[in-house]
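Student: Pasting a structure below so you can have a look.
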Amino acid sequence: MLSSLLSPSFCPFTLNTHSKPKPFSSPTTFTVTCTSSSTFDPSSLPPITNNHHHRTTDNIKDEARRHRTSDNFSAKYVPFNAPLDSTESYSLDDIVYRSRSGGLLDVHHDMDALKKFDGAYWRSLFDSRVGKTTWPYGSGVWSKKEWVLPEIDPDDIVSAFEGNSNLFWAERFGKQFVGMNDLWVKHCGISHTGSFKDLGMTVLVSQVNRLRKLGRPVVGVGCASTGDTSAALSAYCASAGIPSIVFLPANKISTAQLVQPIANGALVLSIDTDFDGCMKLIREITAELPIYLANSLNSLRLEGQKTAAIEILQQFDWEVPDWVIIPGGNLGNIYAFYKGFKMCKDLGLVDRIPRLVCAQAANANPLYLYYKSGWQEFKAVKANSTFASAIQIGDPVSIDRAVFALQNSNGIVEEATEEELMDAMAQADSTGMFICPHTGVALTALIKLRNSGVIGPSERTVVVSTAHGLKFTQSKTDYHSGDIPGMGRFANPPVSVKADFGSVMDELKDYLESKAPKYK
């Protein structure tokens, strides 16, 4: 019955050892030149411009361009987890996805240059940009530009002012279902295309935009996707006027996910295989054609995704939570969060990092099995169908990154069966969250870790919600309609009532009596 109701279709400067920069606390925008001198020359400061007095012909990019100066921050590709004596590296302007040995790459920042400024400086800088419309710092990602893509020209940035997503206190769910007073949800799904993928895609597409302006042979950008990646890629490419190509597993994603790349003008190829099959094909295609690979094999995306971890610290006024629980499929995001927290610790913004939990669907759980084996041997699995479709991945590209993140954060891996994740989603929805099934996986992990006493009742815990519930209305509809065999413990189907006063009153009385406070 329910299905019938819902059908149809910011740059720092060098300081002497006796001075500290003052935080920017007003809407005034200016950029400061980085120098290699150990003293600061005030004459290097450009004039301060009041944002409220734009020339009538200016836009925010024009305003930013007039006050632009260069800085000495840089980043490069290096082999992931490379030994200290490794000399292999690549420019971010190189089109390269793997090291010479075939391993993953990582974006390495010049930490010595960044460490010339203390943690208090970086905290003040990042905080000063929140809520502004100054290009490009109005974005939660680009407000950390010095830590993301320090050398890109702001003109080349493609942004929808993504990030700055809601971190809310899940009061009722915490108290009612897990006995916690300090449970929070970082809703990364409240974003331009409805998932956390926007955080990484703004970085990747911005770099592609730069490469095309440099005359590099990039005719388009392609990805394999279970839905959210394709939505983010196609939206940012459409904004920049760059062709996008999407490989999707046929009949395995929701209509709400499929329609986004179609509406954004992408070439959508529906392929009779699963995500792993699509991933194999896109890697072969991008090796032969001048199409830039946009999957999380590409470490540029992780530079954007790590900013969500920095945002969490900002939103807690730079206090570190005890736990952060993240759904995991291709496993880039767990490393991205680790990297964000670790940079904050290494640069003195905080003194520790939280413990990380990666939550997997039991139907696609290679990391969980690897963890349970004591990290003895990794084996890819054949991912079975799961309502948490974005993490239906049996051979994750970022397995090594994920293991590194978990081992260096005293982390844990947990899993959720289909019934567990759908029930957890329904429980969360009943408290007003309206989450995605992947968040249901993370909440299941939380429930299990609370029940086993691993997570204490007073420990501050953040669950990362990766996508908006509106992308998954069909699975919610089926759950509440009783159309999923063996499921529906918390179903709340609509009630059919005759169109007369007495029948309606009878239903209302029964409902209100069941909800009335019970007094002893």
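Student: What order do His108, His480, His438 take when sorted by accessible area (1.4 Å probe), most exposed first?
Tutor: Highest to lowest solvent-accessible surface, that is His108, His480, His438.
Student: Considering only protein heavy atoms, what is the solvent-accessible area of Ser458 at a probe of 1.4 Å, reported in Å² to the nearest 10?
Tutor: Probe radius 1.4 Å; accessible area of Ser458 about 100 Å².
Student: Over all distinct Cα pairs, what is the inverse of the mean 1/r for the range 285-386, reported as the Kirkwood hydrodynamic radius in Å?
Tutor: Hydrodynamic radius (Kirkwood, Cα only) of the range 285-386 equals 15.5 Å.
Student: About the Cα centre of the chain, what is the dipole size in debye to 20, counting +1 per Lys and Arg Cβ and -1 per Asp and Glu Cβ, all else neutral?
Tutor: Magnitude of the dipole: close to 640 debye.
Student: Also, I was wondering about something else. Taking every pair of Cα atoms in the range 389-503, average 1/r, invert it to obtain the Kirkwood radius, and report Rg/Rh to two decimals.
Tutor: 1.08
Student: With the full set of protein chains in place, find how many percent of the accessible area of the range 239-328 is carbon and sulfur; take the probe as 1.4 Å.
Tutor: C and S atoms contribute 53 percent here.
Student: Would you tally the net charge around Phe337, using a Cβ to Cβ cut-off of less than 10 Å, leaving Phe337 out, and scoring K and R as +1, D and E as -1?
Tutor: Every neighbour counted, the sum reads +4.
Student: Another question, then. If you filter the range 242-337 for GluC sites (Glu not before Pro), then keep DSSP loop positions with at most 15 other Cβ within 10 Å, what is left?
Tutor: Qualifying residues, ordered by number: Glu319.
Student: A further question follows. Tell me the volume per residue, in Å³, of the convex hull enclosing the alpha carbons of the range 70-165.
Tutor: Here the figure is 135 Å³ per residue.
Student: Right, something else. Would you calculate, for the chain, the mean residue ellipticity at 222 nm contributed by helices, counting each DSSP H stretch of 4 or more residues as -39,500 (n - 2.57) and dividing by all residues, to the nearest 500?
Tutor: Value at 222 nm, helices only, nearest 500: -10500 deg cm²/dmol.
Student: For Asp182, Asp500, give me the order by solvent-accessible area with a 1.4 Å probe, most accessible first, ignoring ligands, DNA and RNA.
Tutor: Asp500, Asp182
Student: Further question on the same structure: With a 1.4 Å probe and all protein chains kept in place, how do Thr255, Thr386, Thr417 rank by accessible area, largest first?
Tutor: Largest accessible area first, the list is Thr255, Thr417, Thr386.
Student: Moving on to the next point. Please report the net charge: other residues with Cβ closer than 14 Å to the Cβ of Ala491, K and R +1, D and E -1.
Tutor: -3
Student: Pairs of alpha-carbon atoms within less than 8 angstrom and 6+ residues apart define the contacts here; what relative contact order does the range 174-230 have, in percent?
Tutor: It rounds to 22 percent for the range 174-230.
Student: Counting other Cβ atoms within 10 Å of each Cβ, which chymotrypsin sites (Phe, Trp or Tyr not before Pro) in the range 344-437 have at most 12 and sit in a DSSP loop?
Tutor: Trp375
Student: For Ser430 and His108, FRET efficiency with R0 = 45 Å and r from the beta-carbon atoms, rounded to 0.05?
Tutor: 0.50
Student: Glu88 versus Leu269, label points 7 Å from Cα toward the beta carbon: distance in nm?
Tutor: About 2.8 nm, to one decimal.
Student: Which distance in Å, rounded to a whole number, links the C-alpha centroids of the range 419-486 and the range 251-299?
Tutor: 27 Å
Student: Can you list which of the chymotrypsin sites (Phe, Trp or Tyr not before Pro) found in the range 463-519 are DSSP loop residues with at most 10 other C-beta atoms within 10 Å?
Tutor: Within the range 463-519, the qualifying chymotrypsin sites (Phe, Trp or Tyr not before Pro) (loop, at most 10 other Cβ atoms within 10 Å) are Tyr519.
Student: Could you look at the range 55-141 and say what percent of its accessible area is carbon and sulfur, using a 1.4 Å probe and all protein chains?
Tutor: That fraction is 48 percent.
Student: What is the pair-distance distribution P(r) of the chain, computed from all Cα-Cα distances in 20 Å bins starting at 0, with each bin given as a whole percent?
Tutor: For the chain, the binned pair fractions read 22, 54, 22, 3, 0 percent.
The values are calculated or read from the model by the stated rules, or taken from the named source; none is laboratory data. What you are looking at is a predicted structure, and each value in this text was computed from that prediction instead of being measured. Using ideal geometry, Cβ is built from the backbone for each residue, glycine included, and neighbour counts are taken over all protein chains shown. Side chains are part of the model used for accessible areas, which takes the heavy atoms of the whole protein and leaves out ligands, DNA and RNA. Shrake-Rupley method; radii C 1.70, N 1.55, O 1.52, S 1.80 Å.
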